[in-house]
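> Take this structure, written in structure tokens, and hold onto it; I'll ask about it next.
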Amino acid sequence: MTPYELLGEEKIRVLLQALYDQLFVDPMVGFLFEGKDKAHIVAQQVVFTCRFLGGPQRYTGKPLPEAHAALPLLPGHFDRRHHVLRSLLEEHGVPDDVKRAWLDIDESLRPSVLAAGEEARDRTRE
């Protein structure tokens with residue numbers, strides 16, 4: 001069974017809602033979400049996450065670099081989100097193999113997300 005089949009879309013939605021509820025008020029990364037539409041972000045993340053966990057959903061949102069292009073993300077911001085995600089998956093009793101798959105995929109997105117952040121920081125220096 002895929003991680004998606006083990007969790008199901010509704011559990012993934014609950015997990016992502018809890019994740020973004022925390023991130024929006026997090027002292028280290030919350031400022032990145034100021035003025036953002038949390039419901040839209042969660043909806044996009046549900047489709048994106050379901051897909052990469054093996055679900056049938058088709059993500060039609062912006063590519064990751066474009067979605068993060070305006071954010072001056074640093075490695076520590078990515079690390080914080082990853083830490084909050086890991087903690088949340090543990091708190092919600094997500095099976096270890098599913099947790100590992102989700103976190104491995106999340107980590108694999110680091111280069112494209114941080115490349116967008118570097119470009120955003122460079123634009124502010126010009």
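> Being of a type in the set (A, V, I, L, M) and outside any helix (DSSP H, G or I), is that true of even one residue in the range 25-37?
yes
> Name the single residue that is most open to solvent (accessible area, probe 1.4 Å) among those in the range 32-71 being at pLDDT below 90 and touching a Ser or Thr at 6+ places or on another chain (Cβ under 6 Å).
PRO65
> Spot the failing condition for LEU74; the list is (1) under 23 Å from THR2 (Cβ atoms); (2) modelled with pLDDT under 90, and only one is missed.
(1)
> Being in contact with a helix residue (DSSP H, G or I) (Cβ under 6 Å, 6 or more places away or on another chain) and among the aromatic types (Phe, Trp, Tyr) narrows it down to one of PHE33, PHE48, so name that one.
PHE33
> Identify, please: which residue in the range 9-30 is touching a helix residue (DSSP H, G or I) at 6+ places or on another chain (Cβ under 6 Å) and open to solvent by 80 Å² or more (accessible area, probe 1.4 Å) and is, among those, modelled with the lowest pLDDT?
Here the answer is MET28.
> Criterion first (of a type in the set (A, V, I, L, M, F, W, C) and either touching a Pro at 6+ places or on another chain (Cβ under 9 Å) or open to solvent by 80 Å² or more (accessible area, probe 1.4 Å) (or both)) does LEU6 satisfy it?
Against the criterion (of a type in the set (A, V, I, L, M, F, W, C) and either touching a Pro at 6+ places or on another chain (Cβ under 9 Å) or open to solvent by 80 Å² or more (accessible area, probe 1.4 Å) (or both)), LEU6 qualifies.
> Also, I was wondering about something else. Pick from VAL84, VAL113: which is within 12 Å of the chain's Cα centre (by Cα), part of a helix (DSSP H, G or I), modelled with pLDDT under 95 and crowded, with 17+ Cβ neighbours inside 10 Å?
VAL113
The values are calculated or read from the model by the stated rules, or taken from the named source; none is laboratory data. Everything numeric in this text was worked out from a predicted model, so none of it was measured. Every residue, glycine among them, receives a Cβ derived from its backbone with ideal geometry; neighbour counts consider all protein chains shown. When the accessible area is computed, the model is the full protein with side chains, heavy atoms only, and any ligands, DNA or RNA have been set aside. Shrake-Rupley method; radii C 1.70, N 1.55, O 1.52, S 1.80 Å.
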